Structures are given as C-alpha cells and as structure tokens.
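Quick notes on the structure that follows.
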Amino acid sequence: MPHDEIEILEERRNQVFRKGEGAASGEIACGKRSAAGSVSQRACVFCGSRVVLYPIADALHVVHGPIGCAAYTWDIRGAHSSGPQLHRNSFSTDLQEKDVIFGGEKKLAAALRELIAACTPKAAFVYSTCITGLIGDDVDAVCKTISKETGIPVIPVESPGFSGTKKDGYRAACEAIYKLIGTGDISGISPHSINLLGEFNIAGETWIMKDYFRRIGIQVVSCISGDGRVDEIRRCHGAKLNLVQCSGSMTHLAKKLTDDYGIPFQRISFFGIEDTAAAIYGAAGVFGDPEIESRARELVKEELLKIQPELRRYRKILKGRKAAIYVGGAFKAFSLVRALRSLGMRTVLVGSQTGNPQDYEQLKELCDPGTVIVDDSNPLELAKFCLEKDVDLFIGGVKERPIAYKLGIGFCDHNHERKEALAGFEGMINFAKEVHASVMSPVWNYVPRRANRRQERMAA
Amino acid sequence: MLDLATPTISERSALKINPAKTCQPIGAMYAALGIHSCMPHSHGSQGCCAYHRSHLTRHFKEPVAATTSSFTEGASVFGGMANLQQALINIFSIYNPEVVAVHTTCLSEVIGDDIPTIIKKAREEGKIPEGKTVIHANTPSFVGSNVTGYSNMCVGIVNYLAEKSGESTEAINIFPGWLDPSDMRELKRLAEELGVKYTLCPDTSDVLDLPQTGVYEMYPKGGTPVEAIKRMGDAIKTVALGEFTAHAAAQKLNDKCGVPFEALDAPIGLTNTDLYIDALRRIAEVDVPASIDAERGRLLDVIQDIGQYFHEVPVAIFGDPDHVVAMTRFAIELGLKPKYIFSGATGRAFENRVHAILDGRFPDAIVKQQGDLFELHERIKADPVKLILGNTYGKHIGRAENIPLVRFGFPILDRVGHRLFPTVGYRGAMHLVEKISDALLDQRDRTCPEEWFELVQ
C-alpha cells in the first residue's frame, strides 16, 4: 500500500495532533482504549504489572495462567541485578484444559510450595492472567494460605489482561509493592535519604544514579524496582523523599507514600544533561543542607567537563538531523526531545502509548512548530509520518525497530531492549554514541531511500 | 545465580520452570502470515497480540502486523461479538487486507465466543466487503502449544478455502509445517529444480525475510495467494512435512476434497531430504536432476571430511516437536549420540515418534514430552552432554555448563543466520554441519590443553 494513501483511522483522528495547525487549544484525545481492529503497539494489564515488578531480583515471580504469559516475559528485559538472578527464570502454572474446568487453585498452591522450598525467595508475587480472572480462582486466598505456611509475603498481583490497559497493570503492581512497604525496620536510615521509583536498572542505569547520590551524600534506601530487593522495599517508607523517574508507572505509589507516610515526591528524569542536572539539584535542595548542595554542584560540573568535548564532537556531526520518537510513557518523550536538542537534532514526530492530557500539553509546548504528536499509534501511521517528515532516526521499542529499518532509517532502542545505559551524564554520551552509530552507519549510503536522493541531487 | 538447577531431578507436580514451548495463538499468527495479504487477528486481550508480534519480530527481525479485538471487562462478561465485528469493519476499511485470519485466545475460548457465527453475522450485515475473506481457528492457550496453534490455523485455511472443482491442477501441495522463511524458500527451490508444479502453503518467504527496499509494506509480495489455496483441492497429492504442524491440514484436505497425502517429517538432514525429494519425484513422475544429486554428494562429502569429530558426541536436542524429531534423525546420521530429547509439546505422539527413530540404539536416551528447560538443565548437570541443539532458550544452560549451543528452531532471539540460511534440504544440512562442527571445534580450541591445540583439523 503506498504511504500517501494511508488514512488515519477515523476513530483515531483526535489522537493525532500537528503543532501549529488547527485550534491552538485543541486537545489530543488519549487514555482511550485502542480501537478494536487497530494494529496497536500497546499491551495489556498483565504486561504492565510484569514489567514493573520484574526487576525485583530476590522475589519469586509466578505467573498463574496458560504458558504464554510466562514464556513471553522470560528474561526479555535487561533489568540487571547485582546479586540474585531469580527473577530471570520463568515460573508458570501452565494451566491446562482441566484446570480451566475444575479451577487452578490447587495447582497454584502446589507450585508455590515447591518453589518457595526450592528457591527460598524473600517474597513471592503471583500474577493473575485473563484466565484466572475468568475461571474464578481465589488467588488471594491461596496467597494468604501459602504466606502463613511459609512465613514469607506471598502477594497477589491483580493483573488479568482484559481488566484495563497497561496503565492499570502499573497500578496493580504498585498496589502489590505497597503490601511490602511499612513492614521493615527503618532505624538507621539517614535524614538525607531518598527512594528511586520507576527506575528499572535497564543496562545498569540504577547503578549510575546510585553512584551520583552516594557521592553527594544522599542515601538511596530503595530503588523500585531496578536491582530491587524485598528487604529494601519493606523499609523504603523510612526515606525522606521519593524521586519518580517513570511517572506513568509509579506516580500512584508515590502518592500513596505521600498520603500515608508524608513523604513528598518529585517527578524527575535522569535522561539528558539538563534533566539529570535538574534531578540532582532538585533532590539535593530538599534537605536544606548547603554541603549536599555544594557537592551536587561539584558533581554536575565534574561530570559535564568529562563529557563535553566528546558531546561537542557528536553535536557537530548530528546537527540538523531529524528524529521520530515513539515510546511507552510520555514523560520519557520530554527527556528525549530535550536530549536530542542537546545533540543539535530536531524532533519532528513524537508519541506515546500511554500519555495523559497534561503530558501531551507539555509535549506541545516543548516541540517545534510542525511536529506531529500521536497517542497510541500503529505501524502504518508511524511509517507515513516518518517518511513525510524525512527523519534520520527513530527512537522506540522492539516493534518499531524493523519498521524503521525497512524504511531505511536509523534506530535507537529506548525501551527494555536497550543494551547501553542511557541515564545520567555518561548515559548521555552512550546515547550520543548510539545515535551517531545508527544515523551515520555506512549502510544508509546504500539503502534505496538515500541512494535515490543522492542520484537526484547529482542529476540536479 | 542465574543457574537454579542442581544435579538432582526435582519432583514437580504443578509447575513449569523455563518452558520449552509457548501458547497456541502465536503459531496461528505465524501460519496466517503465510497467506498473501492476510491480517492475523487476535480475538482476545491486547497483550496477547502485542506479545506475539514482539516475539515474532525478535525472531524474524521484521515488522509483524496483526490486529486485536482489544477485550475489555465488558467483553469478558458479555462476549466479544461486538469487538470482533467492530474490528472487522476497522481492519477492512483501514488496512484493507484480502484475508483476515481470526484466532482465539484463552479468554475468548473460556467466554465461549462462537467465531463462525460471528463471522457469518458480520457477512450478512455487510461488515465484510464483497470479495474479502475471513477465516478462523480455535487456538485455546490452555491446550497444546504453539505448534498446535500453527497446525490449527493450517487446518482452518484448508477448511475455509480449499475447493474441489474437479479440474486437476497437476500440482503438488507442499505443507511445510513450522519452518523459517529461509526454509520455505529452499523447499520451493528444490521443487523448482525438480521441475515440479507445486503450491506451498503457508509460505512466509517474502513476508518475513524481506529485503531492504526503503518501503514499509503491510502486505509484502509473499504468502500463498487465496486463489492458489482454493485450488489446492484440485491437486494430485499433498506432501506434508511434519507430524505436529502439517499432517492435520493434509488430512483435512483429504477429507474435504479427496486429495491424498504423504506424511513425512521436516526435511532436515540427509534421509529426511531424500524422502522429500523422492516424494516429489514419484508423484510428479520426474527425474532427479544432476544438480540435486551433486548437492547430495557435497553433503555426504562434507560429513566424511569432518564426521570424525561428531562420533558418539553426546547431544541434547530440544524445541518444537517437528524440529526435534527431524533433527534427532540427522544427529544420528552424523554419528552424534542423542542423550536428551526434549519437547514442551503435549502428548505421547512425540515420544513414540522419537523412539521409533532411535530404534533401540540409544538405550540411555531420555525422551520427554511436556518437558521444560529446568529439568533438561538438571539432567545435563547430573550427566553432561557436549553439544546442545535447540533455540535461544538453551543459552542459559550452555553458559552455566560450558556447553556449546547450536541454535536452530524457534525462537532464535539473539542471532541472525536463521533468517538467511535454511536448515532444510541438502544445503540446509550442509549449513548445519558447518555450524555444528564450528561449535565443537571452537570449543575444543578454546578449552583444550596447549599441547592438544592444533592448527590442522
């Protein structure tokens, strides 16, 4: 199908916005369920819960359902652990037809008993799936029984796939985590202490952030959930401040911690120079300790000096290149737009799977005129806009990568499958390197899209 | 530690750890992609469709488009009829495929959605445009495995589309079973080399092994066209390659249109390829050209050249049943010693089939259906092998036990070769010989004492 013939699905018309066109106050429609029959890039409630809880490395993660839900989430995410690797195995009750008819509770109980005895985890998360929701298994009751028997927290995760969107899965994960919070001893926690929420240690990013805070004298009580540990989560209510990195997944938890424990939170991003510096200064400023603030300034200065020369080199090469961004949460998109700007690049297409109206308002303000903004997009739309805008780089996840490559466009994974840490100052250099490697790859000299252009130029 | 296994085989009554299979719908989605201009449609929650697409994309490194009914709380109570009908309207009006291939999920199966009735109703109400096709397969995730789903969709394709007009096409139907596009391309090349008229169905070559063209096409040029599928009912015979993924559809075509079939294994290795070539030769009454004879000869030659390093090397083979069955036979042909033969697939048929191939020659071999990779790991720890043949999920075991893994089957999430080079046919076998010998010799070169390290092998 030629791209100029592609229409936008009528139901989706309000989910696409072009800055500088139409009513200035026109709101992008979002938070809608995907239209049935759309090739949506979105996933389900289970997926939302699974991605948030997955990095808790010393917990058992048991998927109560048919095999697929566990198979597709087996070790697919580079959420590194500095210790236990239990989370990287796949545990499933592998429900069969007879379980669907007679119920799977006994099977679940047996599975949990066997596993807890064999793996001695610190806690167990039991994910319900579409089918457990439907056949009426009382997962809560099973969890309670096993918890009593084994003496470890066995926590049900309310995540039947159909019961909402991926966002509802984030919420269910927050609720599950919340059951652990408040059960640990908080003595000895520094008055200058924080939790990192919504940070998953993909490619070791948590370690970069923890290092910054250590250097300026702030204790990280718990990271939820990157390189996560059950005992740290249990005492995270002793921290004085929460920093929320992935706001889509963890704002709910942060709000609960504010309401119940009076812990304030800040929405931060450790992606890009400006945002990283802002996050460090923001946290440092909370404690009213001039020494911490001065160390923060020192750290930012030191790190910036380290990366500036290399960054300048990349900026020179990448200046004026155009990028498309399609990511899960919109907050990540803000950082990406800014980070690309610091590389001299322009964002001409930006969208997310799960942004909310405020997010899109902010994106509109942030972006240049003419930028296309989309909510819950699909491959045809993305391909159409990429070609129309003639982008040099696509930033997205696993499903977007091959589309970009088919079009002959550079790609950078900013999702679960990224292999380089992109957080913090050194992350900015990694990002610049990755963008540079992709955009400047020699292969683009030979792909039809660019080769034709060269010929056209030569003919002109 | 990533390595959870101990050298004792744990008794487990109710649990899979590190599965050697996945669920039905992904197989149905893959089979449907082998129809030209087909949109696979997942009738269930949004997550199923997203997971299947991501998983297929990780294996093929290609865009995989598929749609979903996006079930909600409401649909799970009142049934998914409205969702599917709305989906059909949207799919045809926007994505405009020739065919929509609906498969169910655990959710829609438990709700009890009657897909044929919903399709019929949609057609009566004009929601399916004139000339467009909608087919379906029931693929409950709690029955069988990914290969069952593939097989069920192939049966669905035959059931909905194949017709008998009485006028013979003089062609042979080739049902490839679950193979990679590179394999399907090789099956076609061999048929063409033989000068045989054929219809390969499904056919994912030129759908999921696309060249870089600068264009994203939702429906690339490959896939078996609906017209060709219709005419499969007028073929001389069907050659079905794989008991678990191809035979059921061949049986269905026989029942429906009276097309007889030959039930073979996937043509992986020497004998299995011989059987494929011979079946085509006999049915089409053609002579095998010298070019194919020469390919076969080159395969034999390379096995002679390097076969000394294969002799009685204990090997673990795991994956989808048709792949494992065929590979077990090839392993024996190479002189390897099959020790653990595991599949996640359900049913005794797999074990029976493998035992028939082992034919009592490997009394210590452990053959296991419904196995998982945790048990395989425990067994390897207790009594090691020197080579693992299987998909990417074997890499945890390979690393923990320092055993080379030669990737084959589905899924391969971390290498690219399977997209380019076939494993079927004599050429595929040569490619496998190269990969296996490279793996064994690289391992030897890396680990043997210096005095045993030699330049010439």
>> Filter the stretch A:110-128 down to the residues that are more than 8 Å from chain B (Cβ to nearest Cβ) and out of contact with any helix residue (DSSP H, G or I) (no Cβ under 7 Å at 6 or more places or on another chain) and list them by number.
In response: A:Ala117, A:Thr120
> Among the candidates B:Glu217, B:Glu227, which residue alone is of a type in the set (Asp, Glu) and either within 14 Å of another protein chain (Cβ to nearest Cβ) or under 21 Å from B:Gly409 (Cβ atoms) (or both)?
Replying inline: B:Glu217
> So is B:Phe374 crowded, with 21+ Cβ neighbours inside 10 Å and either in contact with a Phe, Trp or Tyr (Cβ under 9 Å, 6 or more places away or on another chain) or at pLDDT 95 or above (or both) or not?
Replying inline: yes
>> Give me the residue from the stretch B:69-96 that is in contact with a Phe, Trp or Tyr (Cβ under 7 Å, 6 or more places away or on another chain) and part of a loop (DSSP other than H, G, I, E, B) and, out of that set, farthest from A:Gly164 (Cα to Cα).
In response: B:Gly80
>> Residues that are within 19 Å of the chain's Cα centre (by Cα), β-branched (Val, Ile, Thr) and more than 7 Å from every other protein chain (Cβ to nearest Cβ): does the stretch B:6-17 have at least one?
In response: no
> Within the stretch B:56-68, is even one residue facing chain A (nearest Cβ under 7 Å), assigned to a helix (DSSP H, G or I) and either on the phi > 0 side of the Ramachandran plot or at pLDDT 90 or above (or both)?
Replying inline: yes
> Applying the selection to the stretch A:77-109, what residues are under 24 Å from A:Glu232 (Cβ atoms), surrounded by fewer than 24 Cβ atoms within 10 Å (Cβ to Cβ) and at the interface with chain B (Cβ under 8 Å from one of its Cβ atoms)?
Replying inline: A:Pro84, A:Gln85, A:Leu86, A:Arg88, A:Asn89
> Among all residue pairs at least 6 apart or on different chains, which show Cβ distances below 8 Å where the first residue, located in the stretch B:166-179, is without any contact (Cβ under 8 Å) to a residue 24 or more places away in the chain and the second is surrounded by 11 or more Cβ atoms within 10 Å (Cβ to Cβ) and part of a strand (DSSP E or B)?
Replying inline: none
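Taking A:Ala70 as the residue in question, decide whether it is crowded, with 24+ Cβ neighbours inside 10 Å, part of a helix (DSSP H, G or I) and either in contact (Cβ under 8 Å) with a residue 60 or more places away in the chain or within 7 Å of chain B (Cβ to nearest Cβ) (or both).
yes
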> Can you name the residue in the stretch A:248-294 that is surrounded by fewer than 16 Cβ atoms within 10 Å (Cβ to Cβ) and polar (S, T, N, Q) and, of all such residues, is farthest from A:Cys174 (Cα to Cα)?
Replying inline: A:Ser294
> Which residues, counting only those in the stretch B:253-299, are charged (D, E, K, R), out of contact with any Phe, Trp or Tyr (no Cβ under 6 Å at 6 or more places or on another chain) and crowded, with 18+ Cβ neighbours inside 10 Å?
Replying inline: B:Glu262, B:Asp265
>> Filter the stretch B:242-256 down to the residues that are in contact with an Asp or Glu (Cβ under 7 Å, 6 or more places away or on another chain) and at negative phi and list them by number.
In response: B:Glu243, B:Phe244, B:Thr245
>> Whether any residue in the stretch B:141-160 is part of a strand (DSSP E or B), more than 14 Å from every other protein chain (Cβ to nearest Cβ) and not charged (D, E, K, R) is what I want to check.
In response: no
> Which residue, of A:Arg215, A:Arg234, is of a type in the set (Lys, Arg) and farther than 30 Å from A:Leu343 by Cβ?
Replying inline: A:Arg234
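Residues checked against (1) part of a helix (DSSP H, G or I); (2) among the small types (Gly, Ala, Ser); (3) free of Cβ contacts under 8 Å to residues at least 24 places away in the same chain; (4) surrounded by fewer than 21 Cβ atoms within 10 Å (Cβ to Cβ):
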residue: A:Arg297; (1), (2), (3), (4): yes, no, yes, yes
residue: A:Glu302; (1), (2), (3), (4): yes, no, yes, yes
residue: A:Glu310; (1), (2), (3), (4): yes, no, no, yes
residue: A:Arg315; (1), (2), (3), (4): yes, no, no, yes
residue: A:Ile325; (1), (2), (3), (4): no, no, no, no
residue: A:Phe331; (1), (2), (3), (4): yes, no, no, no
residue: A:Leu349; (1), (2), (3), (4): no, no, no, no
residue: A:Asp368; (1), (2), (3), (4): no, no, no, yes
residue: A:Cys386; (1), (2), (3), (4): yes, no, no, no
> Where in the stretch B:276-358 are the helices (runs of 4 or more DSSP H), entirely inside, with at least 2 residues that are without any contact (Cβ under 8 Å) to a residue 12 or more places away in the chain?
Replying inline: B:290-306, B:348-358
>> Anything in the stretch B:145-161 that is surrounded by fewer than 24 Cβ atoms within 10 Å (Cβ to Cβ) and touching a helix residue (DSSP H, G or I) at 6+ places or on another chain (Cβ under 8 Å)? List them, or say none.
In response: B:Val155, B:Asn159, B:Leu161
>> Against the definition (within 25 Å of B:Arg58 (Cβ to Cβ) and more than 14 Å from chain A (Cβ to nearest Cβ)), how does B:Thr245 come out, yes or no?
In response: yes
> Restricting the search to the stretch B:27-47, which residues are at pLDDT 95 or above and within 7 Å of chain A (Cβ to nearest Cβ)?
Replying inline: none
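Conditions tested, residue by residue: (1) outside any helix (DSSP H, G or I); (2) more than 10 Å from chain B (Cβ to nearest Cβ); (3) at pLDDT 75 or above; (4) surrounded by fewer than 24 Cβ atoms within 10 Å (Cβ to Cβ).
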{"residue": "A:Met1", "(1), (2), (3), (4)": "yes, no, no, yes"}
{"residue": "A:Ala24", "(1), (2), (3), (4)": "yes, yes, no, yes"}
{"residue": "A:Ala36", "(1), (2), (3), (4)": "yes, no, yes, no"}
{"residue": "A:Ala43", "(1), (2), (3), (4)": "yes, no, yes, no"}
{"residue": "A:Cys47", "(1), (2), (3), (4)": "no, no, yes, no"}
> Right, A:Glu361: more than 14 Å from chain B (Cβ to nearest Cβ) and modelled with pLDDT of 95 or more or not?
Replying inline: no
>> Suppose the filter is of a type in the set (A, V, I, L, M) and crowded, with 21+ Cβ neighbours inside 10 Å; does B:Ile9 pass it?
In response: no
> Somewhere in the stretch A:133-155, is a residue away from chain B (no Cβ under 12 Å), modelled with pLDDT of 95 or more, under 30 Å from B:His43 (Cβ atoms) and within 29 Å of the chain's Cα centre (by Cα)?
Replying inline: yes
> Based on what the data block shows, is B:Glu109 charged (D, E, K, R) and within 11 Å of chain A (Cβ to nearest Cβ)?
Replying inline: yes
>> Quick check on the stretch B:74-84. Is at least one of its residues at pLDDT 95 or above and either facing chain A (nearest Cβ under 8 Å) or surrounded by fewer than 21 Cβ atoms within 10 Å (Cβ to Cβ) (or both)?
In response: yes
>> Let me spell it out: the conditions are (1) within 20 Å of B:Thr245 (Cβ to Cβ); (2) more than 18 Å from the chain's Cα centre (by Cα), and B:Thr392 meets all of them except one. Which number is the exception?
In response: (2)
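The values are calculated or read from the model by the stated rules, or taken from the named source; none is laboratory data. Bear in mind the structure is a predicted one, so any value in this text is a computation, not a measurement. All Cβ positions, even for glycine, are placed from backbone atoms using ideal geometry, and neighbour counts span all protein chains on display.
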